[in-house]
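Novice: Right, I'll just put the structure down here and ask away after.
The values are calculated or read from the model by the stated rules, or taken from the named source; none is laboratory data. Bear in mind the structure is a predicted one, so any value in this text is a computation, not a measurement. No Cβ is skipped: glycine too gets one built from the backbone with ideal geometry, and neighbour counts run over all protein chains shown. Each accessible area value is taken on the protein alone, full model and side chains, heavy atoms only, with ligands, DNA and RNA left out. Shrake-Rupley method; radii C 1.70, N 1.55, O 1.52, S 1.80 Å.
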Amino acid sequence: MAYVYPTTAIELELSGWRLGIVGASELGTTTKLAGGGWADVTTDLLEDPIVLDYGFHSDHPSDRVAPPGTLTFGLRNDANNSGNQLGYYSPNHASKRLGFDFGIRARLKQTYSGVTYYWMGTLSQIVVEPGQYEGRRVTCVAVDWMDVPMRNTAPTALQVNKRSDQVFSAVLANLATQPTATTVRIGNETFAYALDNVPSNVKALGTFSDVARSELGYIFAVRDQTAGQTVVNENRRYRSSVTALLVTLDNTMHMLEVPGDRGDVLNHFLLTVYPRRVDSGQTTVVAKIDVADATAILVGQTQTVFIDYTDPVQRDTKIGATNLVLPLVAGTDFHFTANADGTGADLDANFTVTATDKGSQVKIVMTNNGTVDGYRRTTQVRGDGVYAFNPVDCEAREENSISRYGDNIVSFTQPFQADPVAGRSAALLLATSYARAFANVRAVGFVANQTDALMVAALSGDISSKVALVETVHGLTSTTGYYVHGVRFEISEMDIVTCTWRLAPAPI
């Protein structure tokens, strides 16, 4: 058999650093690369496999946001590398390669048949082996853009009557580091209220998960033919519109993971939605700081505080809020005095106080512009409370499957979905997709070098590509379709490309 081979290279952006603000964010300044070009470090690669792994690791119906993808590779760190320097890839070594450190961008570049495909991330792990008796090697792990929302919060204003893609874009805009490219598909679901029930300490990845589960869509990062970092927000019905097959693997796989437990056939779904009501026109105090916490704000000082929206009577009950009374009114919404006990001169005119809605809480910034220190006596925000009704469970069952395999129930929440009709429709879609015997074929692997068609499929296919499997031992036929749900490449020192696709079922 004549094998086919792609050209594979590892590149690093070794262009130095700059400090600056990227986009509107609560995170302030962020360290970014200046962007001066890519250095090919392929000649310094060790004879270890290069492993690229990204996308979803599970096809469970509630897993809707992909974790950070990784690229793992090794570099030689002895004096026989391209720099002729011992410690060339040790970030703390005096002879280190200029710019090599955590956070620099790393890129896998694969070219085949005149087309180049990229995956891009940033270095997150640099493990240096010592000498004299060790290998003098460095193992590097780069992570894709999904690492950004996993590490950072992105509090965002309440979204009223917005589609899921609009909510996703609003959260994305509040992250300091933006992806190089995005594909945002118009959402099928419109939420009356969203982000009103997101705790302030939740990372943006968790907020994305709430959006995706409420839409029944997916959020993930993929390769591309430009920079290698495209983030996708996929709507509820996109995959059902993908009808063209990328490839049919007809007994050409070297690995096939088919669960043999009847409990893996999912045939009973219970989705929980959350209807809302609004105290329209009430304009009650939805956020307040206890007056007992009247600390001094010194001349020229700025203090920032985040306050959760809570019920005006039962302050231990968190709510959402809308129709805020802004700007805040001096003497009513804030009050400053010369003394901590509320006596002395009225200093309201000396202070600038702003309030910004952050969905489940409000951000208040207080600045003392006067010539004397002042004490905060009142700080509050008025608005209309947004309350969740008792949650509604939306149920769908596949009775034929239950009679054969037993009642295998899956339940999860759609936190921004308020419509029980939409919830039941989503539950029915899942029951239709997962209740078949071969629905949970989890993974398939093949050596891409076997044929030109397999190599093209491995490099051009990505998450949500549709594939068919034919395997005579299991009884899989070409009518059994699956979506690529996760991708793993293992590239040996002989340029043998082993491709593994984690799979999700296609609706029947």
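Novice: When residue 66 is evaluated against the numbered criteria (1) crowded, with 16+ Cβ neighbours inside 10 Å; (2) under 25 Å from residue 136 (Cα atoms); (3) at pLDDT 85 or above; (4) of a type in the set (A, V, I, L, M), which criterion, by number, is the only one it fails?
Specialist: Unmet for residue 66, out of (1) crowded, with 16+ Cβ neighbours inside 10 Å; (2) under 25 Å from residue 136 (Cα atoms); (3) at pLDDT 85 or above; (4) of a type in the set (A, V, I, L, M): (2).
Novice: May I ask you to say which residue of 247, 171 is among the hydrophobic types (A, V, I, L, M, F, W, C), within 12 Å of the chain's Cα centre (by Cα) and either modelled with pLDDT under 95 or on the phi < 0 side of the Ramachandran plot (or both)?
Specialist: 171
Novice: Could you identify the single residue in 269, 336, 351 that is under 30 Å from residue 216 (Cα atoms) and either at pLDDT 95 or above or touching a helix residue (DSSP H, G or I) at 6+ places or on another chain (Cβ under 7 Å) (or both)?
Specialist: Among 269, 336, 351, only 269 is under 30 Å from residue 216 (Cα atoms) and either at pLDDT 95 or above or touching a helix residue (DSSP H, G or I) at 6+ places or on another chain (Cβ under 7 Å) (or both).
Novice: OK, next. Give the residues of segment 319-337 that are surrounded by 15 or more Cβ atoms within 10 Å (Cβ to Cβ) and aliphatic (A, V, I, L, M), sorted by residue number.
Specialist: 319, 321, 324, 325, 326, 328, 330
Novice: Looking at this structure, is residue 270 open to solvent by 30 Å² or more (accessible area, probe 1.4 Å) and in contact with a Cys (Cβ under 8 Å, 6 or more places away or on another chain)?
Specialist: yes
Novice: Would it be correct to say that residue 468 is buried (at least 18 other Cβ atoms within 10 Å of the Cβ) and under 24 Å from the mean Cα position of the chain (by Cα)?
Specialist: Criteria not met by residue 468.
Novice: Let me ask something additional. Out of everything in segment 121-155 that is of a type in the set (D, E, K, R) and modelled with pLDDT of 95 or more, what residue ends up being farthest from residue 210 (Cα to Cα)?
Specialist: Here the residue is 144.
Novice: Another question, if that's okay. Output the number of residues of segment 159-176 satisfying the condition of being within 30 Å of residue 122 (Cβ to Cβ) and touching a Ser or Thr at 6+ places or on another chain (Cβ under 6 Å).
Specialist: Matching residues across segment 159-176 total 4.
Novice: What are the pairs, 6+ residues apart or on separate chains, where a residue within segment 347-365 that is within 17 Å of residue 302 (Cβ to Cβ) has its Cβ under 7 Å from a residue that is open to solvent by less than 10 Å² (accessible area, probe 1.4 Å) and in a helix (DSSP H, G or I)?
Specialist: Final answer for the pair search is none.
Novice: Continuing with this model, one more query. From the list 241, 214, which residue is open to solvent by less than 20 Å² (accessible area, probe 1.4 Å), over 17 Å from residue 149 (Cα atoms) and polar (S, T, N, Q)?
Specialist: Exactly one residue qualifies, and that residue is 214.
Novice: Okay, next question. Can you tell me which residue is modelled with the lowest pLDDT among those in segment 440-461 that are part of a loop (DSSP other than H, G, I, E, B) and open to solvent by less than 20 Å² (accessible area, probe 1.4 Å)?
Specialist: So, considering only residues that are part of a loop (DSSP other than H, G, I, E, B) and open to solvent by less than 20 Å² (accessible area, probe 1.4 Å), the one modelled with the lowest pLDDT is 440.
Novice: Now for a different question. Taking segment 77-112, which residues are part of a loop (DSSP other than H, G, I, E, B) and open to solvent by 60 Å² or more (accessible area, probe 1.4 Å)?
Specialist: 80, 82, 84, 85, 86, 92, 93, 94, 96, 98, 102
Novice: Further question: Out of the residues in segment 338-389 that are closer than 30 Å to residue 272 by Cβ and assigned to a loop (DSSP other than H, G, I, E, B), state the one that is farthest from the chain's Cα centre (by Cα).
Specialist: The qualifying residue farthest from the chain's Cα centre (by Cα) is 389.
Novice: A further question on this structure: Can you tell me which residue in segment 369-395 is least open to solvent (accessible area, probe 1.4 Å), limited to those that are in contact with a Lys or Arg (Cβ under 7 Å, 6 or more places away or on another chain), hydrophobic (A, V, I, L, M, F, W, C) and within 26 Å of residue 309 (Cα to Cα)?
Specialist: Looking at residues that are in contact with a Lys or Arg (Cβ under 7 Å, 6 or more places away or on another chain), hydrophobic (A, V, I, L, M, F, W, C) and within 26 Å of residue 309 (Cα to Cα), I get 386.
Novice: Let me ask something else about it. Give me the strands (runs of 3 or more DSSP E) completely within segment 1-55, filtered to those with at least 1 residues that are at pLDDT 75 or above and among the acidic types (Asp, Glu), ordered by residue number.
Specialist: Hits in segment 1-55: 7-12, 50-55.
Novice: Against the condition open to solvent by less than 20 Å² (accessible area, probe 1.4 Å), closer than 24 Å to residue 209 by Cα, small (Gly, Ala, Ser) and not in a strand (DSSP E or B), how does residue 431 come out, does it pass?
Specialist: In short, yes.
Novice: Just to confirm my filter: which strands (runs of 3 or more DSSP E) fall fully inside segment 126-196 and include at least 2 residues that are over 21 Å from residue 220 (Cβ atoms) and open to solvent by 50 Å² or more (accessible area, probe 1.4 Å)?
Specialist: Answer list for segment 126-196: 159-163.
Novice: Residue under question is residue 224, and the condition is that it be surrounded by fewer than 19 Cβ atoms within 10 Å (Cβ to Cβ) and within 30 Å of residue 505 (Cβ to Cβ); does it hold?
Specialist: Considered against the rule, which asks whether it is surrounded by fewer than 19 Cβ atoms within 10 Å (Cβ to Cβ) and within 30 Å of residue 505 (Cβ to Cβ), residue 224 comes out as yes.
Novice: Counting only residues that are under 34 Å from the mean Cα position of the chain (by Cα) and part of a strand (DSSP E or B), how many does segment 286-329 have?
Specialist: Count: 15.
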